[in-house]
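Structure record follows, encoded as structure tokens.
The values are calculated or read from the model by the stated rules, or taken from the named source; none is laboratory data. Since the model is a prediction, treat every value here as computed from it, not as a measurement. Glycine also receives a Cβ, built like all others from the backbone with ideal geometry; neighbour counts cover every protein chain displayed. To get the accessible areas, we keep the full protein, side chains included, count just its heavy atoms, and leave off ligands, DNA and RNA. Shrake-Rupley method; radii C 1.70, N 1.55, O 1.52, S 1.80 Å.
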Amino acid sequence: MKSKVIITALLCIAFGAKAQVNEMVIEAGKPLSDVSKEMYGLFFEDINYAADGGLYAELVKNRSFEFPQTLMGWQTFGNVEVKDDGPFERNPHYVRLSYSGHPHKHTGIENEGYFGIGVRQGEEYRFSVWARGENTSIRVELINPASMAEQQAFASQVIKINSTEWKKYTAILKPAQTDEKAHLRIFLTSPKSADLEHISLFPVKTWKGRENGLRNDLAQALADIHPGILRFPGGCIVEGTDLDTRYNWKNSVGIPENRPLNENRWQYTFNYRFFPDYYQSYGLGFYEFFLLCEDIGAAPLPVISCGLACQFQNNSDDAHVPVSELQPYVQDALDLIEFANGSANTQWGKLRSEMGHPEPFNLKFLAIGNEQWGKEYPEHLAPFIDAIRREYPDIKIVGSAGPNSEGEQFDYLWPEMRRLKADLVDEHFYRPESWFLSQGLRYDNYDRKGPKVFAGEYACHGKGKKWNHFHAALLEAAFMTGLERNADIVRMATYAPLFAHVEGWQWRPDLIWFDNLNSVRTSSYYVQQLYAKNKGTNALSLTMNKQAIAGQEGQNGLFASAVYDSGDKTVIVKIANTSDTAQPFSLNFKGLKKNQTIAGISLTTLKSDNPDAENTIANPSAVAPVEVPLAQSISGAVYSGEIAAQSFAVYRFGVK
Ligand code: AHR
């Protein structure tokens with residue numbers, strides 16, 4: 001038998017015979033379940049310096065002197081004191097700069113930013129500070145401490161401080177050079193002292209030009225995906241290492257100057273990647289998240305604490321709020337819905353309105369808890385569900401299936417979520433290649449009667465390879481055909497994590513990498529984008545030998561799915577070829593009406609000859625989608641093509 005296979009293979013090579021055609025049948029005339037509007041989405045967590053030092057465009061670290069080491073991130077020189085009776089109740093620290101005692105000696109402070117401060121020549125940067133002092137002044141400079149130039153400073157402004165009451169002062173800095181590792185230096189330039197608080201530097205050109213805004217290139221990368229949903233603000237940071245450090249959304253709204261600092265658990269989660277200066281300023285808070293959702297057309301999906309601190313890090317009851325004492329947590333959930341949707345006459349709707357958004361944010365989904373498990377979780381979830389159903393019956397509640405894609409906790413939690421009537425269940429899977437290859441049919445046999453599925457965190461973690469290499473992305477694309485085919489039950493999906501600073505990451509792979517000036521979209525990014533931009537409106541049946549095309553035996557490593565887009569009357573077919581050989585295929589369009597033809601065909605492929613290829617800051621386009629020219633129509637109802645080895649293809653067929 002074995003020798004017969006070898007002989008056949010040799011004959012094929014000798015005579016240049018083509019591999020057998022993979023015959024696919026598409027029921028083009030029978031739209032199935034709608035594809036959820038929330039497919040495909042984003043999951044934002046402040047990990048890898050995703051918020052402070054990343055998407056949040058603030059360039060000054062520890063701007064309010066509230067880090068536990070009050071001067072972390074700052075160097076001081078001359079006569080500098082830290083005081084703690086400042087104008088912002090929840091951030092009381094500030095610095096007093098006083099005369100050094102000699103006209104030639106300087107007093108001042110210098111901020112190192114996040115791995116330096118990235119600025120571009122000729123762009124404008126808005127410096128601001130809350131200050132008080134009697135006829136005094138400061139000089140603000142951008143410098144490079146490692147500079148060999150005669151002058152360290154390449155931008156400079158003098159600010160006169162003329163009030164003994166706290167007042168906000170601003171100045172525009174325009175750097176004469178591009179610098180990824182600048183520092184912000186402030187000199188006292190008068191013999192009279194000056195008090196300084198909330199020292200801030202933002203690019204003027206933030207996303208949508210907002211003053212407390214987001215870094216343009218990073219926000220644009222999110223918008224360019226065309227996401228259906230944005231899950232925020234985490235992840236494990238929602239739970240906290242302990243209850244005190246959980247993400248409390250109420251601390252993240254109101255004026256940025258008065259949002260209290262929180263620690264960031266990713267500072268110390270992995271002791272082999274320790275970042276002692278990693279905190280959450282909450283400058284990017286819930287109001288900004290809701291605005292971002294609105295800007296990029298994604299439905300907001302906030303996640304809030306269910307009163308269980310991280311169960312990986314705690315096994316004691318101290319880390320859990322007793323169910324009898326959960327009311328304040330439940331109230332936080334109700335208040336959040338009011339903040340997002342309530343009228344300006346309500347307490348929290350009023351705050352939203354005062355912050356600049358009188359219209360509601362149209363919140364429809366709320367997730368309670370992140371990766372929770374054990375009987376504690378349903379016990380804690382139940383009171384939230386009761387209260388939300390009572391007051392806001394239209395809100396869809398997302399429960400958790402725990403931290404794993406299968407196993408004891410998963411098997412326990414799914415029936416519990418059914419019993420509690422959660423609307424969606426959040427599944428997480430960071431799994432190796434073999435898992436992604438074997439899960440093509442994962443959702444085909446899911447129970448259709450209970451909650452829907454939210455694939456809330458997933459990524460292919462390749463073993464022994466580069467982390468964001470093309471092959472991992474290809475397997476994600478292959479797996480996602482199963483999400484698309486099961487559009488009736490899989491209603492949301494978000495890759496994780498989203499962002500990583502090249503110098504400050506704790507977790508990889510990630511969707512988008514960045515340094516202080518540039519960002520790079522990974523192969524996985526392009527997979528997500530291809531799905532989101534081609535999600536269609538309805539699933540279509542696509543089979544080979546009457547079977548789903550999901551890498552099954554005899555399917556030559558192919559995974560495929562199809563949707564119909566009723567807007568532009570297009571059939572969209574996605575095929576991932578995970579095999580090492582090109583695969584010819586035919587697509588038989590069934591169910592087209594007599595007067596209908598296929599015309600207007602396009603093909604976009606994502607491929608690389610090197611499975612280890614990855615996009616980097618230095619080479620950001622090693623792997624990118626390419627549109628391939630094709631004949632524009634077919635005669636009859638069968639399209640024939642070939643999909644390259646190890647590639648992902650998206651075909652769009654116009655139906656005329
Ligand atoms: O995405 C990184 C982490 O992975 C998330 O915080 C957590 O939910 C999961 O364990």
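I'd like to check something: does the stretch 567-576 contain any residue that is surrounded by 16 or more Cβ atoms within 10 Å (Cβ to Cβ) and within 13 Å of PHE470 (Cα to Cα)? Yes, there is a match, as at least one residue in the stretch 567-576 is surrounded by 16 or more Cβ atoms within 10 Å (Cβ to Cβ) and within 13 Å of PHE470 (Cα to Cα).
When the stretch 234-269 is examined, which residues are found to be polar (S, T, N, Q) and either assigned by TED's automatic domain parsing to the domain that holds ARG90 or within 16 Å of the ligand (Cβ to nearest atom) (or both)? Quick ask: steps written out before the conclusion?
Restricting attention to the stretch 234-269, the residues satisfying the condition of being polar (S, T, N, Q) are 241, 245, 248, 251-252, 258, 262, 264, 267, 269.
THR241, THR245, ASN262, ASN264, GLN267, THR269 - these are the residues of the stretch 234-269 that are polar (S, T, N, Q) and either assigned by TED's automatic domain parsing to the domain that holds ARG90 or within 16 Å of the ligand (Cβ to nearest atom) (or both).
Could you check the stretch 444-461 and list, in sequence order, the residues that are under 15 Å from PHE479 (Cβ atoms), more than 16 Å from the ligand (Cβ to nearest atom) and buried (at least 18 other Cβ atoms within 10 Å of the Cβ)? If the condition is that a residue be under 15 Å from PHE479 (Cβ atoms), more than 16 Å from the ligand (Cβ to nearest atom) and buried (at least 18 other Cβ atoms within 10 Å of the Cβ), then VAL453 is the only one that fits. I'm checking my understanding of the structure. Among residues of the stretch 46-62 that are in contact with a Pro (Cβ under 9 Å, 6 or more places away or on another chain) and within 16 Å of ALA182 (Cα to Cα), which one is most open to solvent (accessible area, probe 1.4 Å)? Checked the stretch 46-62; the qualifying residue most open to solvent (accessible area, probe 1.4 Å) is LEU59.
Restricting to the stretch 472-481, what's the tally of residues that are within 9 Å of SER523 (Cα to Cα) and over 20 Å from the mean Cα position of the chain (by Cα)? Step through it out loud before you land on a result.
Keep residues of the stretch 472-481 that are within 9 Å of SER523 (Cα to Cα), which gives 472-474.
After this cut, where a residue has to be over 20 Å from the mean Cα position of the chain (by Cα) as well, the list is none.
Selection size over the stretch 472-481: 0.
Within the stretch 411-431, the set of residues being more than 14 Å from the ligand (Cβ to nearest atom) and open to solvent by less than 50 Å² (accessible area, probe 1.4 Å) comprises LEU413, TRP414, GLU416, MET417, LEU420, ALA422, ASP423, LEU424, VAL425. Do the conditions hold for ASN595, that is, is it more than 30 Å from HIS461 (Cα to Cα), surrounded by fewer than 16 Cβ atoms within 10 Å (Cβ to Cβ) and not acidic (Asp, Glu)? Yes; evaluated as a whole, the condition is true for this residue.
For first residues located in the stretch 417-433 and among the small types (Gly, Ala, Ser), partners that are assigned to a loop (DSSP other than H, G, I, E, B) and away from the ligand (no atom under 16 Å from the Cβ) and lie 6+ apart or on another chain with Cβ distances below 7 Å form the pairs ALA422/PRO451.
Please work out if VAL398 is open to solvent by less than 10 Å² (accessible area, probe 1.4 Å), assigned by TED's automatic domain parsing to the domain that holds ASN315 and in contact (Cβ under 8 Å) with a residue 60 or more places away in the chain. Lay out the reasoning, then the answer.
Working: open to solvent by less than 10 Å² (accessible area, probe 1.4 Å): yes; assigned by TED's automatic domain parsing to the domain that holds ASN315: yes; in contact (Cβ under 8 Å) with a residue 60 or more places away in the chain: yes.
When the stated conditions are applied, VAL398 passes them.
If you scan the stretch 66-97, which residues turn out to be open to solvent by less than 30 Å² (accessible area, probe 1.4 Å) and touching a Pro at 6+ places or on another chain (Cβ under 9 Å)? Break it down into steps so the answer makes sense when it comes.
We begin by selecting, within the stretch 66-97, every residue open to solvent by less than 30 Å² (accessible area, probe 1.4 Å); these are 67, 73-74, 86, 88, 91, 94-95, 97.
The answer is GLY86, ASN91, TYR94.
Could you check ARG448 against (1) farther than 28 Å from PHE312 by Cβ; (2) in contact with a Ser or Thr (Cβ under 9 Å, 6 or more places away or on another chain) and say which number it fails? For ARG448, the failing item is (2).
Taken as a whole, the stretch 548-555 holds at least one residue that is more than 25 Å from LYS37 (Cβ to Cβ) and free of Cβ contacts under 8 Å to residues at least 40 places away in the same chain.
Residues in the stretch 103-126 that are modelled with pLDDT of 95 or more and more than 28 Å from the chain's Cα centre (by Cα): LYS105, HIS106, THR107, GLY108, ILE109, GLU110, GLN121, GLY122.
Exactly one residue out of PRO233, PRO227 is farther than 29 Å from PRO87 by Cβ, open to solvent by less than 20 Å² (accessible area, probe 1.4 Å) and within 21 Å of the chain's Cα centre (by Cα), and it is PRO227. Listed by first and then second residue, the pairs linking a residue in the stretch 335-361 that is free of Cβ contacts under 8 Å to residues at least 40 places away in the same chain and open to solvent by less than 20 Å² (accessible area, probe 1.4 Å) to a residue that is part of a loop (DSSP other than H, G, I, E, B) and not hydroxyl-bearing (Ser, Thr, Tyr), with Cβ atoms under 7 Å apart and 6 or more places separating them unless they lie on different chains, are GLY349/GLY342.
Residue count for the stretch 379-421 satisfying the condition of being closer than 24 Å to ILE337 by Cβ, in contact with a Lys or Arg (Cβ under 9 Å, 6 or more places away or on another chain) and part of a loop (DSSP other than H, G, I, E, B): 3.
Kindly indicate which of TYR495, TYR525, TYR531 is within 14 Å of the ligand (Cβ to nearest atom) and of a type outside the set (D, E, K, R). Steps first, answer last, please.
Values: TYR525 fails: within 14 Å of the ligand (Cβ to nearest atom); TYR531 fails: within 14 Å of the ligand (Cβ to nearest atom).
Result: TYR495 is the single residue among TYR495, TYR525, TYR531 that is within 14 Å of the ligand (Cβ to nearest atom) and of a type outside the set (D, E, K, R).
Results for (1) at pLDDT below 95; (2) closer than 24 Å to ASN91 by Cα; (3) not assigned by TED's automatic domain parsing to the domain that holds HIS501, shown as yes or no for each residue.
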residue	(1), (2), (3)
LEU184	no, yes, yes
LEU188	no, yes, yes
PRO191	no, no, yes
ASP195	no, yes, yes
HIS198	no, yes, yes
ASN212	no, yes, no
ARG215	no, no, no
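Condition test on GLN372, is it open to solvent by less than 50 Å² (accessible area, probe 1.4 Å) and in the same structural domain as ALA344 (by TED's automatic domain parsing)?
Working: open to solvent by less than 50 Å² (accessible area, probe 1.4 Å): yes; in the same structural domain as ALA344 (by TED's automatic domain parsing): yes.
Considered against the rule, which asks whether it is open to solvent by less than 50 Å² (accessible area, probe 1.4 Å) and in the same structural domain as ALA344 (by TED's automatic domain parsing), GLN372 comes out as yes.
The residue that is farthest from SER64 (Cα to Cα), among those in the stretch 169-200 that are of a type in the set (D, E, K, R) and over 33 Å from the mean Cα position of the chain (by Cα), is LYS192.
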